[in-house]
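The block underneath contains the structure these notes are about, expressed in structure tokens.
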Amino acid sequence: MAHIVLACTHGAARATSSSNKVLQMLKSNKPIPSGWDQLAEWYDGWMGVAGSHHHRKLALPAVLDLLQLQSGQHILDLGAGQGVLAPFISQHNATYVGVDVSPRLLNLARRRHAAHGRFIHADARHLPRLQHLSPASFDAVVFMLSIEDMEPLNQVIHAASWALREGGRVVILMRHPCFRVPRQSGWGHDEQRKLQYRRVDRYLTPLSVPMKPYPGQSRGVSISFHRPLGHYINELVQQNLLIDSLREITTYQQGQTTAEQDAFAEIPLFLALRARKLSLTP
Ligand SMILES: C[S@@+](CC[C@H](N)C(=O)[O-])C[C@H]1O[C@@H](n2cnc3c(N)ncnc32)[C@H](O)[C@@H]1O
């Protein structure tokens, strides 16, 4: 699928040599050192053991609510990062396996959460090639704020479906692709109508976007992949994954003004969905 690489539109920063390297490797379909590897120590400092404020208020509750964990289940976390989900899975007496392509993040995950699960260094796109994992062996696969960092989408969803047993579920939490297009969306103010609105400059064209550095982050950038919502739904359907729950989630932040409060309450910035793997046997 053709992606436009947004390197320097609208005065945004140019792609760095490291983000160019990641994009070239993506095109060649070789295993990639995620842009996140260079950000590992910064990310871990932001996350800590229990997750960032953002994770505790929004990401973890949304994922756990959709997962509906039961004791004894096997959960695969793709793009596990420094493993923040692991303790929440093990406290339900479920088993946790985290996969990530960043060796540094995995070292931090093992340091912080080794007691709560197993961490495997692998590219999520190539799961079926791994000797450590068997097909149809997981009850659920989770992508928590990670699917937007993976490309191509069809390989990643195929890998998730490969890992799931029939009836198993995939849970995805991501930035809402309809309202958050990296570098191509934002808030605007209508002085006359005294309201805050959401501006979306581009939507339908898939984009590869080197992200702006986060506050306090001094090294490297990660790359985010924007796709319209239909791409996610169609790829899930292609892999016999049927959506049975979809939630559009607003920010937990409090607006300062009435206009901001109204906008924060009306425009969902995150999307969480659950899809079940259909049984193909009659
Ligand atoms: C924004 S971080 C989210 C990490 C974690 N899920 C969390 O919520 O803290 C995205 C993660 O996806 C990982 N990632 C990106 N592409 C990947 C791939 N192809 N295979 C496995 N992990 C990948 C990155 O290394 C990074 O750890």
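Read the figures in this text as sums done on the coordinates, not as results from a lab. This structure is a prediction, so every number in the text was calculated from the model and none was measured. Methodologically, a virtual Cβ is constructed for each residue, glycine included, from the backbone with ideal geometry; neighbour enumeration extends over all protein chains shown.
Okay, here's what the table says:
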quantity	calculated
Vicinal HN-Hα couplings computed from phi for the range 39-51 (Karplus, 6.51 cos²θ - 1.76 cosθ + 1.60; Hz; Gly/Pro x)	9, 4, 5, 4, 5, 5, x, 6, 7, x, 6, 9, x
Vicinal HN-Hα couplings computed from phi for the range 64-75 (Karplus, 6.51 cos²θ - 1.76 cosθ + 1.60; Hz; Gly/Pro x)	5, 5, 6, 5, 6, 5, 10, 3, x, 7, 10, 10
Principal axis dimensions, largest first and in whole angstrom, of the range 4-277 by Cα	59, 39, 37
Exposure proxy order (Cβ contacts within 10 Å, fewest to most) of Lys194, Lys57, Lys277	Lys194, Lys57, Lys277
Thr95 long-range amide H proximity, modeled H, under 5 Å	Gly72, Gln73, His74, Ile75
Selection from Pro87, Leu105, His132, by position along the positive dipole direction of the range 75-142 (Cβ)	Leu105
Average projection area in nm² (convex hull over Cα atoms of the range 151-235, one quarter of hull surface)	8.4
Globularity ratio of the range 33-146, using Cα Rg and 2.2 N^0.38 Å	0.99
Global form of the range 68-217, assessed from the alpha-carbon gyration tensor, a/c cut-off 1.5	prolate
Phi-based couplings in Hz for the range 192-201 (Karplus 6.51, -1.76, 1.60; Gly and Pro marked x)	4, 8, 6, 9, 9, 10, 9, 9, 10, 7
